[in-house]
Amino acid sequence: MRRSAGHHLLFFLGGLCATVGIVAWIVMAWKGAASIDEIEAHSDEGSSLLVWALVGTLLMIVGGMIMHIAQAESE
């Protein structure tokens, strides 16, 4: 069965969101490893890492949901 352009767009957007979420987690891990001795839970750096983790997680969830919806509609 041939998919429409809308399905391809949804798959692309879902994959893009998930990929950006994974990149956000990689950036968070890189920043955390680079300054492991300076990070505290209530510091500005700790808050920044928490934001990176939250944004990455939300983007991966949204990307997975978009791809799931696109897959369900194509069946």
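The values are calculated or read from the model by the stated rules, or taken from the named source; none is laboratory data. Only a predicted model underlies this, so the values are computations on that prediction, with no experimental measurement involved. So basically every Cβ, Gly included, is an ideal-geometry build from the backbone, and we count neighbours across all protein chains shown. For accessibility, only protein heavy atoms count, side chains too; no ligands or nucleic acids. Shrake-Rupley method; radii C 1.70, N 1.55, O 1.52, S 1.80 Å.
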- Task: Only one of the values (1) 5.4; (2) 5.6; (3) 7.5 was calculated from this structure for mean projected area of the Cα convex hull in nm²; name its label.
- Result: (1)
- Item | Sequence-separation-based contact order of the chain, relative, with Cα cut under 8 Å and 6+ spacing, percent | 53 percent
- Separation between the I36 and L16 pseudo-spin-labels, each 7 Å from Cα along Cα→Cβ, expressed in nm? 3.6 nm
- Compute the length gained on full extension between V62 and S43: take 0.36 nm times their separation in residues and subtract their Cα-Cα distance, giving the result in nm to one decimal. 4.0 nm
- Note on the structure: Taking a label point 7 Å from the Cα of V55 along Cα-to-Cβ, the residues of segment 1-36 whose backbone nitrogen sits under 16 Å from it are 17-32
- Item | Mean accessible surface per residue for the chain, computed with a 1.4 Å probe while every protein chain stays in place, in Å² | 74 Å²
- Quick one: pull the percent of accessible area on the chain belonging to carbon and sulfur, 1.4 Å probe, ligands and nucleic acids left out. 71 percent
- Query: What does the highest-first list of 31-44, 13-26 look like by mean Cβ count within 10 Å?
  - Reply: 13-26, 31-44
- Using only Cα atoms, tell me the angle between helix 44-74 and the longest principal axis of the chain; keep it within 0 to 90° and round to the nearest 10. 10 degrees
- Item | Farthest positive-ward along the chain dipole, Cα basis, beta-carbon charges - from G32, S47, I69 | I69
